[in-house]
Structure formats: structure tokens, C-alpha cells
1. If you take the residues in the range 363-402 that are open to solvent by 30 Å² or more (accessible area, probe 1.4 Å) and small (Gly, Ala, Ser), which one is modelled with the highest pLDDT?
2. Those residues that are assigned to a helix (DSSP H, G or I) and either in contact with a Leu (Cβ under 9 Å, 6 or more places away or on another chain) or in the same structural domain as TYR337 (by the TED database) (or both), I need them from the range 378-409; list them, please.
3. Against the condition in contact with a Ser or Thr (Cβ under 9 Å, 6 or more places away or on another chain) and not small (Gly, Ala, Ser), how does GLN199 come out, does it pass?
4. If I filter the range 191-223 down to residues being under 41 Å from the mean Cα position of the chain (by Cα) and of a type in the set (D, E, K, R), which single residue comes out as farthest from TYR337 (Cα to Cα)?
5. Which of (1) at pLDDT 80 or above; (2) under 19 Å from THR137 (Cβ atoms); (3) surrounded by 12 or more Cβ atoms within 10 Å (Cβ to Cβ) is the odd one out, the single condition GLY42 does not satisfy?
6. Can you go through ALA425, ALA452 and tell me which one is among the aliphatic types (A, V, I, L, M) and either under 20 Å from PHE510 (Cβ atoms) or modelled with pLDDT of 95 or more (or both)?
7. Take the conditions assigned to a helix (DSSP H, G or I), touching a residue at least 60 places away in the same chain (Cβ under 8 Å) and within 30 Å of LEU330 (Cβ to Cβ) and apply them to ASP267. Does it pass?
Amino acid sequence: MSLDQLKVDRREGATVGKESPCYFCNDMFEMGKLQNHLKQCGSILEQCPLRCGAWIQRKHKQVHVNECPQMEKARNSSSPTHVRVSEPSPPAVPVTNHTWTPRHSPLDECVTYLEKEVAGIKLVLSAESSQRDVFSTELETLRTKLVLVEERGQHVVSALSTLRAAVDAEAARAADWAAQFRHDLSNVQLALQELQNQQLSTAMRLESAVSSIVHEQNERELLEQAMTQHDNRIRAIGRLEEVMEYIKRTIEEDRERNAESRAALEDELAEARRASQQLAHLATLRAQLETTANERPALDRVAVLEVATADARAEAAEHASKMDIISRDLRALTKSYHKIRSEIVDFQARINFSNPELGSDDGHFIWRIDNFTSRMKEAKEKDTILTSPHFRTSKYGYTLKAEVALNGIGKWKGRHINCTVRLVAGPYDPLLEWPCDLNISIVLRDQPANRAQAMDIVKSLQLRRKSASSRHDYDEANEEKTRSTENLDMNVVQMKKQYIFIPHTSLDKFEYIKNDVMFLEFMVNQ
């Protein structure tokens, strides 16, 4: 393969897939199809075949020939060299077997016809020669272009070799620069790492200094709070001691009054015994009177007996009224004693509320009840009610306390454990929403060795209160309903809304009481 053919193939390979415009009609063709189009393009300029000196487009050549002045001259001349515009029609002679017989036509007409045919042949020959001239011109043009293309190709090859050498040199310089850049980058990274280590150490020192300062400030604040709490506790303890002294004096006075009432009651009982003895004496007297009926009149015996009986009845009624008064006073004293005891417990819980062991401030509280056996015995003998430490629904929320009657209350006494939760006055009540409506879950915790096998008893309680200043709504409703015996059924329904009930028989099924300890859990669902 020659160098020229290689250049042509390279040029054709470089132009494959690219379109080039036609030089004459400006239509776009691929390089392989453009050469074929040039052979048939109607916009190529050609010289007039009649040699009139005009150049016309190939597609308009026939129109120009029909209108060419040389054609007009050929029409007006009879010379055989004249060019004809259109082929004359053959003479109107009969044709047989596609041959011409001069017998049937004049000689002049035949000569004229032959001259015209010769003129047409000359015209065709001249058209072909002109077309050959055009092709030779185009071929020379193509050869010139090919030479130019070869020169340009050689120039491009030399430029490419120069460019490749420049690219190689630039690549070598870029490699050297990249190596230097990597070296500089590693140095910068090392310097940056050292700077980051210095910044980290500085930040750690600053954080340690700030943390030490914050720790000192927190310790100072905690110390101030502890001192304030200590002072408050001292003042509260002083007030508590005063209240305890007052309560002790009140209890001593109540005890003295109870002793006096007990002495009076014993005196009354002694008088009642004497009255009963007198009644027995009267009965014996009556028997004696019946035995001595023959000695006295019957009227005197009946009168004496009626007088003695009336006196005994009056004395017995007086003793009975005194007994009622004494028993009522004793019940009132017992109620006031339990109320004072509950107030003392509430006051102690309120004073010690800041102690985390005695309550919580997140609405979740677990109450540990120790010495369950002795507390149950006390509840059966004295109807005692256990009161839990105060706890809050949140840090600044409602204040609650739990109450448990281990032996039950009312119709459930002796068969169930009754538990309730009460709202008490809290320090943040003016900031809370009233009326409040709380849903509280009360859980009796099971204490198995494997916690996954625990069978807790879960109860739900709805707690409502109208305002912070009023008493418990359910307490008021309870007192109003207990004043009348007609509303006993409604009182039972109200108590069912206020308390949860756990049967005593359920305590022995699982380990709800273990090591004489019971756990009650309270969760406030707001």
C-alpha cells in the first residue's frame, strides 16, 4: 500500500460518519455518497452545448438550448452544420418492416431529413465533448484538492508528531509536578495534622478548664442550695417540733379527757351494776311480797313495786343516755386522733419531700411496704390505713399520695386490699390547670426469681379534682352519701370509682409478698 493510498484511507477513515455539503447545491451528504451526487447534481454549471458562450446549470440546460440564439440560427438555415432545436418529425411516408424506401418520398426531403439527423448527431457529440471537458475540469480540480489535502495531511502528521513530543514533554513535566505536589501535599498534611493535634490539645485544655470552672460553679451552687435547704430544713424542723409539741399537748389533753371519760364511764357502769343489783333486789322483794301476801294488803304491795320499777327504769334510761354520749365522744376522739396522725404523716412527708428516697417527681413511684405481717395484723385490729410519701406527676406537677387499707374498708373489709391515690396541696398548684383529670395505673408487683415469669396485678384508677383550693371532690361526695343510709348503693358505686380492690386470696397465688415485703407501683398516665 502506497503512502498516498494510506493518506487517502486515513482521511476517509477520519471523515467516516461525518457529513459534508455539496459545493453547488449545499445539500449535506456523507463523503462516500458525495462523489456519486456530484455526477448527477443539477446545480453544476456547464457551458452551452451550442457554443453561445453561456454557462448554465445542468438542470436548466435543455431549457437554455430551446431558447439559445444558436438554435434560432439553425432553424433559419438549411446548412447541415446548423444546430437544430428539436428533432424534425420524419416524413409522412409509410414505413414497412422498419425500413425506409426512397421510392415513396422525394429525394430532397430525404436529404433534408438526413441533414437534420447529422446535425442532431453533431449536437449530441458536442454535448458529450462539453461534458467531457467539464469532467476533465472537475478531475483537475479534484487532483488539485487531493494535492492540497496531501500537503495538509503531511502538515497535520508533522504537527501531530510535534504535538506528541510536546505532550510527552508536558506529561514528563506534569509527572514531575505531580510528584512535587504529592511531596508538598504530604508535608502540608503533616503540618496540618500537627496543627490539628495542637488545636485538639488546646481544646482539651480549654474544655478541662471550662469543665473545672463549671464544676466549681456547680459545686458552689449545690453548696448554696444545700445550705439553703439545710436552713429551710432547720426552720421546718423547728416548726415541726412546735407542731409536734402542740400535737403532743393535744394528745395528752385528749388522753386526759379520755381518762376522765373512761373514769366517768366506769362510774356509770358501776352505777348500772348497782341499778341491776337493785333490780335483782326488787325482784327478790317482789318474791318476798308475793310470799307475804297474807300479811299486807294487795294494793300496798303493787304501789311499792311500781314505784321501785319506775325508779329503776328511770335510772337505767339515764345510764343508757350517758353511755350513748360517752360512746359518741369516744368515736369522735378516735376519729380526731386518726386525723391528727394522718396530718402528722402528711406534714412529715411534705417536709422531707426533697429526699429522693421518700418520693419521685416524674409520675412514677414504687412504694415498698415492709413488715407486711405486722401491718396486716394492725390493720385487722385497729383499721389502720397506710399512707405513702408524697410524689408528683412531674417536676412542677400535681402532688399525690397513696393510701392502702390492707384489711379493706366497708363491705370489702376482711376480704380485700383497698388502695387509692389522693391529690394533696402542692407548691405549684397555682400554675397548674384545673380541673385536673389523671389516669393512674396501680401495679402490685410480683417478685419471682426470674423476672420474665412475673405475673403483676395491674389496676386502673381515674382521679379528678375541681380546683386546688377545694377539698377532694370524691371526699365531699363520700361524706354527703355516708350521711344518709338511703344512698348506700350509690356510696358503694362511688367507692368503686375511688378505690382499687385486690382480693386477699390472690396474695397466696404468686410471690406478691416475699420476705415480708410488698411493692406497689404507681404510674401517672397524662
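1. SER374
2. Going through the range 378-409, the residues assigned to a helix (DSSP H, G or I) turn out to be 378-382.
Answer for the range 378-409, where residues must be assigned to a helix (DSSP H, G or I) and either in contact with a Leu (Cβ under 9 Å, 6 or more places away or on another chain) or in the same structural domain as TYR337 (by the TED database) (or both): GLU378, ALA379, LYS380.
3. Spelling it out, it is not the case that GLN199 is in contact with a Ser or Thr (Cβ under 9 Å, 6 or more places away or on another chain) and not small (Gly, Ala, Ser).
4. Here the answer is ARG205.
5. Result: GLY42 fails condition (3) only.
6. It is ALA452.
7. No: the conditions fail for ASP267.
The values are calculated or read from the model by the stated rules, or taken from the named source; none is laboratory data. Source: prediction; values computed, not measured. Counting neighbours? That spans all protein chains shown, and the Cβs are built from the backbone with ideal geometry, glycine included. Each accessible area value is taken on the protein alone, full model and side chains, heavy atoms only, with ligands, DNA and RNA left out. Shrake-Rupley method; radii C 1.70, N 1.55, O 1.52, S 1.80 Å.
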